Structures are given as C-alpha cells and as structure tokens.
Amino acid sequence: MQRFLIIILVLLFAVPSISVAAEKSFVSIGTGGVTGVYYPAGAAICRLLNRTRNNHGVRCVAESTSGSVSNLKALAAGRLELGIVQSDAQYHAYHGSNQFSAEGPNKRLRSIFSLHSEPFTVVARADSGIKKFKDLHGQRVNIGNPGSGQRATMDVVMAALGWQKKDFSSVSELESTGQSKALCENQFDAMVFTVGHPSSSIEEATSSCDSVLASVVCPEIAELIAANPYYVSATIPGGMYRGTDIDIDTFGVNATVVTSAEVDEDVVYQLVKVVFENFFKFKKQHPAFSSLEKAAMIVDGLSAPLHPGAIRYYKEVGLL
C-alpha cells in the first residue's frame, strides 16, 4: 500500500513538470504572402522545431504577414519573436534609416542566419513592350503593398531614378498574393517583386498569360549597388519561366532570419540547431534553398549583431 501511494505521488508531481517543459516557449515567426518564399521558409523552420518539441519545449507557428517592414516593426513592438526580412530592411531597422527613420535605430534587433538571395524582379505583360526597368515610365505598375520588402525596394529604386508615383500612368499597391492574377487580368502592365527563385507567384504570371521578365540594369542601379553593402548584382537564369529564355540581369538582397535581444537564448539556440542539424532536409523544402551554405548563412546580409543563442551554437560546431 505504501509503495502504491509513493507511485501515485510521483506521478502527480511528475506529470505537470513534463507538461510545463513541453510548452515552455511559444514563438511566432513573421513571414510574407503565402505565394512567396518567406511563408514556406517560416513553415519549414517551424515544422523542424515542432517535430522535436519534446526535446526542447519550443512550439513555433509561421504567420503570413505584409512582409519585411511590418515584421521588423512587429519585432520591435514585441508582437513577434522571429521574422524573415530582406537584408536591406534589416540594415535600415537596425540603423534607424530610410523607412525606419521615424522609429529610430532598433539596437535590440539580432540576426540569426541568412537564407536565399532575392533578386529584384520585374514581370511585364508581353503586349506592353516593356523590356527593361526604365520602360516602366508612363505605364500601369503594381509597386507592392506598403509594409512589404518589395515596396521598400521599389521605393529605393524609384528614388535612385528620381521617379515618383506620378511618373506612372497608374499605380497599384496589391499584395504579392493577388498581383499575378491581376497582371493577367490586364489591371496593370507590370509588377515588381523582390523574391527568391523559382517563385510560384511569378510562375503563375508567366504560365497564365503571355508575360516576360525585364532587365533592371542601368547606371543608377550600378551606383545603388556600389553605395550599399546589402545590395548585390544578381542574375535570373533564362528558361526558368515561360516567355523568358535569356538571363535577366538585376540586383538583389538576401532573405534573413532575425529576432530580438529579448528572446530567450535557448530558444534561438534550439532553432539554429534544428535547422543546421537537419540541413539537407531543410534545403529540400524549397528550390530557392538549394544553394545554401552554412558558412555563408552566418555572415551574408547580416547587419544586426548575431543573437547569443546563435553564437552559442555556431561556436559549438566550429563555424565561429
């Protein structure tokens, strides 16, 4: 009888502690539109974390959001624990410049790792006659929704060329999830997108109607790349999308995973560990991840300091 009571007491006290350990942390990762690469990237990270939750107690959910700028503002306000953002947006948030000048520098922003490269991409209706970026002048253009990385990059490009909204015959601000359908419905002549390739959104546009990718090369873009360390030259291979058989020269950024200094060190450590220890599985989650290399991921496009949890793992495995 005494032995039976001891067993009951052990179970009563042990079960709650196990439950608490299993749910010790809940994190949300802000991504982007569901047709881009950010959402599947965030979902892939969360799947890996959730499959091993019994080992570390971290539960993760990927949220579809307006994109980089809104993710960074939500991180600063404590509404998100993690976010996937463009490298240029990360730079401006950390330094309080450009679209973050009103908020000022967010010195609590921390990097975790970078992901795929994201070329700035122009998709135009074939009947529009648009072959290069400057052909957008006077045309109907979707410049992206406020709060998205594509819109932030478009604003920078427009400023480099000295353009304003009035330089287009009409301006749309659709989110990435609806822009391809609208292009094929002739609501505008061209759309811009900062995205990893291949992109399902661009595949939708190029397969649903006659459309082409346009070159973004010009002297103003070359100056933009030279003046900003978070921009790099980029090429979209010919034949990737229907209607465009030649390589398309442009520029781009890196997608990066960021967090806040307030997020627990062990949470970030477990996130990095589960991605890097299941690296080949992670790379298969999207074609844009196929060229990822661990050594490059801990430096490329990272303006904010690495989070202590990330540093801890990178030092353990000899990457730092």
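Counting every other Cβ atom within 10 Å of each residue's Cβ, 28, 208 order from fewest to most as 208, 28.
Working note: Karplus 6.51/-1.76/1.60 with θ = phi - 60° gives region 191-207 the couplings 9, 10, 7, 9, 7, x, 10, x, 10, 5, 5, 6, 4, 4, 5, 7, 8 Hz, where Gly and Pro are set to x. Calculated FRET efficiency, residue 181 and residue 218, Cβ-Cβ r, R0 35 Å, to nearest 0.05? Result of the calculation: an efficiency of 0.75. Hey, quick one: spin label on residue 165, modelled 7 Å out along Cα-Cβ, who in region 129-149 has an amide N within reach, i.e. under 16 Å? It comes to 138-148, nothing else. Amide hydrogen proximity for residue 116: with H placed 1.01 Å from N in the peptide plane, the residues at 5 or more positions away or on another chain lying under 5 Å are 255. For region 118-253, what log10 I(q)/I(0) values come out of the Debye formula at q = 0.17, 0.21 1/Å, with one point per alpha carbon and no solvent? Once normalised to I(0) and log-transformed, intensities are -0.84, -1.36.
In percent, rounded to a whole number, the relative contact order of the chain is 23, using alpha-carbon pairs under 8 Å and six or more apart. In this structure the amide hydrogen of residue 172, modeled in the peptide plane, comes within under 5 Å of the amide hydrogens of 141, 142, 143, none closer than 5 places in sequence on its chain. Ranked from largest, the principal axis spans of the Cα set of the chain equal 88, 39, 34 Å.
For a quick check: with amide H placed at 1.01 Å from N, whose amide H comes under 5 Å from residue 260's, ignoring anything fewer than 5 positions away on the same chain? Under 5 Å from the amide H of residue 260: 110. Of 182, 77, 234, which has the largest mean-square fluctuation in a 10 Å C-alpha GNM of the chain? Top of the fluctuation ranking is 77.
Since every read-out is calculated from the coordinates, none of them should be taken as a lab result. Just so you know, these numbers come straight off a predicted model, no measurement behind them. All Cβ positions, glycine included, derive from the backbone under ideal geometry; neighbour counts span all protein chains shown.
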